Amino acid sequence: MSTGGRPRVLLMHPILDPGPAILAEAAEVLAYPPNRPLDEASIRQAAEGCVGIVSQLMDPIRETVLSTPGLKCVSNVAVGFDNVDVAAATSHKVMVTNTPGVLDDSTADFAFTLLMATARRIVEADSFTRSGRFRGWAIDMMLGQDIFGATLGIVGVGRIGRGVAHRAKGFNMRVLYYDPQPLPREAEEQLGATRVDLGRLIAESDFISIHVPLTQETHHLFSTQQFNQMKRNAVLVNTSRGPVVDEAALVEALKGRKLAGAGLDVYEREPAVHPGLTPMPNVVLAPHIASATVRTRSEMSAMAARNMATAVRGGRPPNLVNPEVKK
Ligand code: GLV
């Protein structure tokens, strides 16, 4: 569908340069009204007459939206696309694209940042020092967990999980991983990573870092049973998607000292954070910023815009997650 011959694309939220210029070359870009709620009916209304939607992870792009007449492509500015009902998109012949690859290093860096910050209590230490409570060195002050030489369990060993394993080598960590899909032998050797089942990974790891997509299978992959099996000194890091962890169960487990702490970038009901987590000194909480570096967010914007521009021009976008829609 078009106005004055130019196809229209709905941009749900601003993106970074050079994304806007790439989009503007291919289409007339309509900005989603900033104060309009992000529900399916409102998005559907705004998308009427558009061939494309450039969405982000907080936008529910499901049947109501995907059945918009003339819609050809949803370009999600994220590697994860659990906010898009891909099966419904496929049934309506709507292409769905994401932004894989460009955010791997930033996200792996951030998982390691959370791991270290939680293990060495850096946020707590910072506020302690700023507030003037540091009155002198003490042998028992702010004792944390050792990282060098510890055991790291990586759950999901895609590009980001492998990036975390790579970083762990520098800390001489013993790396275990759990993934239904084994790594090739050479990759295991290069990373020094051993594949184990989830139960063993949970029981043996001092640090557990989650790198799986959110699917029906991974929803609440970590809940009471898993927390009960963890080492008491263990730290859980989640930079994947909030619902992979049962947040209420995590709060109870932390209260019951089933594990030592958690470093979280994602939450079950974003932007809400479970109220039980916020008063806990042994958790480090970040606002879903694992990929938030200047370079990465700009590359994600450019990639999402290129995906959309290609689709608008009738081509096959490079990062199609439902390739069956466009042969
Ligand atoms: C961020 O969470 C992403 O999926 O890119």
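The values are calculated or read from the model by the stated rules, or taken from the named source; none is laboratory data. This one's a predicted model, so the numbers in the text were calculated from it and none came from an experiment. Positions of Cβ are backbone-derived with ideal geometry, glycine not excepted, and every protein chain shown enters the neighbour counts. Ligands, DNA and RNA are stripped out before the accessible areas are found, and what is left, the full protein with its side chains, is counted by its heavy atoms. Shrake-Rupley method; radii C 1.70, N 1.55, O 1.52, S 1.80 Å.
Data overview
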quantity: Area projected by the alpha carbon convex hull of the range 7-67, averaged over all directions, nm²; calculated: 4.0
quantity: Mean Kyte hydropathy of -1.0 or more with a Cα span along the axis of at least 15 Å, helices from DSSP in the chain; calculated: 104-119, 159-169, 294-312
quantity: Among M141, M173, M280: highest mean-square fluctuation, GNM of the chain, C-alpha pairs under 10 Å; calculated: M141
quantity: Surface share of carbon and sulfur [accessible, 1.4 angstrom probe, percent] for the chain; calculated: 54
quantity: Most mobile of N307, N172, N238 in a GNM of the chain (Cα contacts under 10 Å); calculated: N172
quantity: Difference of contour (0.36 nm per residue) and Cα-Cα distance, R120 to M58; calculated: 19.2 nm
quantity: Per-selection Rg to Rh, the range 1-126 - Cα, Kirkwood hydrodynamic radius; calculated: 1.09
quantity: Cut-off under 5 Å, modelled amide H: who pairs with Y177 long-range; calculated: I154, T194, R195, V196
quantity: Among V273, V212, V54: highest mean-square fluctuation, GNM of the chain, C-alpha pairs under 10 Å; calculated: V273
quantity: Under 5 Å, built H, 5+ apart or other chain: amide partners of A78; calculated: T99
quantity: Sites A21 and R200, calculated FRET efficiency, Cβ-Cβ separation with R0 56 Å, nearest 0.05; calculated: 0.65
quantity: Burial order of peptide ranges 95-107, 13-25, 123-135 (average beta-carbon count within 10 Å, highest first); calculated: 95-107, 13-25, 123-135
quantity: Rg/Rg_ref, the range 179-236, where Rg_ref = 2.2 N^0.38 Å and atoms are Cα; calculated: 1.22
quantity: Calculated over the range 195-327: convex hull of Cα atoms, volume per residue (Å³); calculated: 146
quantity: In the range 161-260, GluC sites (Glu not before Pro) in a DSSP loop with at most 13 other beta-carbon atoms within 10 Å; calculated: E217
quantity: Where the Cα pairs of the chain fall when distances are cut into 10 Å bins, in %; calculated: 6, 24, 29, 22, 14, 4, 1, 0
quantity: Accessible surface, the range 104-285, averaged per residue in Å² (probe 1.4 Å); calculated: 50
quantity: R0 of 45 Å, Cβ-Cβ distance E252-A31: FRET efficiency to nearest 0.05; calculated: 0.55
quantity: Amide proton proximity set for G263, modelled H, under 5 Å, gap of 5+; calculated: L236, V237, N238, V284
quantity: Förster radius 35 Å - calculated FRET efficiency between S67 and R185 (Cβ-Cβ, nearest 0.05); calculated: 0.15
quantity: Additional length obtainable on full extension of the chain from T129 to S42, 0.36 nm per residue less Cα span; calculated: 26.6 nm
quantity: Net charge contributed by nearby residues that have their C-beta within less than 11 Å of H219 (K/R +1, D/E -1); calculated: -3
quantity: Within the range 97-112, backbone nitrogen closer than 15 Å to the virtual label 7 Å beyond the Cα of R295 toward Cβ; calculated: 101-110
quantity: Cα-based radius of gyration of the range 104-285 once divided by 2.2 N^0.38 Å, which approximates compact folds; calculated: 1.01
